[in-house]
1. Can residue 95 be described as touching a strand residue (DSSP E or B) at 6+ places or on another chain (Cβ under 6 Å), more than 24 Å from residue 70 (Cβ to Cβ) and buried (at least 19 other Cβ atoms within 10 Å of the Cβ)?
2. Regarding the range 203-221, can at least one residue be identified that is surrounded by fewer than 24 Cβ atoms within 10 Å (Cβ to Cβ) and modelled with pLDDT under 95?
3. All but one of (1) in contact with a strand residue (DSSP E or B) (Cβ under 7 Å, 6 or more places away or on another chain); (2) outside the structural domain of residue 198 (by TED's automatic domain parsing); (3) touching a residue at least 60 places away in the same chain (Cβ under 8 Å) hold for residue 67; state the number of the condition that does not hold.
4. Regarding residue 134, is this residue surrounded by fewer than 20 Cβ atoms within 10 Å (Cβ to Cβ), touching a helix residue (DSSP H, G or I) at 6+ places or on another chain (Cβ under 8 Å) and at pLDDT 95 or above?
5. Restricting attention to the range 183-197, which residues are touching a helix residue (DSSP H, G or I) at 6+ places or on another chain (Cβ under 7 Å) and either assigned to a helix (DSSP H, G or I) or at pLDDT 95 or above (or both)?
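The values are calculated or read from the model by the stated rules, or taken from the named source; none is laboratory data. For clarity, every value in this text was computed on a predicted model and none was experimentally measured. Because the Cβ atoms are built from the backbone with ideal geometry, glycine has one as well, and the counts that use them run over all protein chains shown.
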């Protein structure tokens, strides 16, 4: 659906480079996106035109064109295809022409699933996006702007990643508009602290995305920017299994690792996230909401016992023969031991 309020820059029929504007389809803090046509072509394109003040002066203009060329080199089925880019210095217009995808964004789909997608549907969106991010990382490009609004959907439901961040736009003066809270909800702690983005910020954002796909909401939210930033910096996320019963524990584990505060504690590569999701475990799964203190104590005792065995140091209990158990049938004793080991194993997961 097109936006009906007056256009701030271009009107239907005007041209940008070789493209004729049809109508406005979206407006953000930095740019407007128009549906446009090109003479001699039957397919429409999306033309992204940056707002005045976003790109300032010859140095920023040169940097923008270099960054646009890098992004145009990304050829992947789940990365939006850039056809053209350029500048009209007389009008101070800077644009990128790209593939037009009329299927809306992943935000629309998430809004229609307030309790999250079923596992297979969530991964049907998540896995291709991870593959797209991995392809960008292979070429030294960090997205640094991942969120459902930046994942377009083709008519076949194919997720397509768009709107990569560029150094030029990050350093240029920005229009005086507040950053949406939905954007801040996807910031890694180092982004909130305004540090230089690295691939680790995409790992974190993918963890937030998987959380929202799985349970229908982001792990950190608030009424102000400062509230959300503080949570990114200091708060541990609530285990997603507490929001949704029966959640695949592999999904929960991926989210927990991806949302580590220290970038060094996250996945080294985004591909590791998919590898863990596809790891052995079968289709039969159930999430256990365990007492975290009990789990910690069991793990600690287990590690202490393993250490004693490796050092061959007898413990006081070794000198004291264990009390004889009450008379029970052997099969009951075996069943009890098996059950105890099974519970211990689950606690150590």
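1. On the way: touching a strand residue (DSSP E or B) at 6+ places or on another chain (Cβ under 6 Å): yes; more than 24 Å from residue 70 (Cβ to Cβ): no; buried (at least 19 other Cβ atoms within 10 Å of the Cβ): yes.
Criteria not met by residue 95.
2. Yes, because at least one residue in the range 203-221 is surrounded by fewer than 24 Cβ atoms within 10 Å (Cβ to Cβ) and modelled with pLDDT under 95.
3. All conditions pass for residue 67, except number (1).
4. Numbers: surrounded by fewer than 20 Cβ atoms within 10 Å (Cβ to Cβ): yes; touching a helix residue (DSSP H, G or I) at 6+ places or on another chain (Cβ under 8 Å): yes; at pLDDT 95 or above: yes.
Against the criterion (surrounded by fewer than 20 Cβ atoms within 10 Å (Cβ to Cβ), touching a helix residue (DSSP H, G or I) at 6+ places or on another chain (Cβ under 8 Å) and at pLDDT 95 or above), residue 134 qualifies.
5. Scanning the range 183-197 gives 184, 185, 186, 187, 188, 189, 190, 191, 192.
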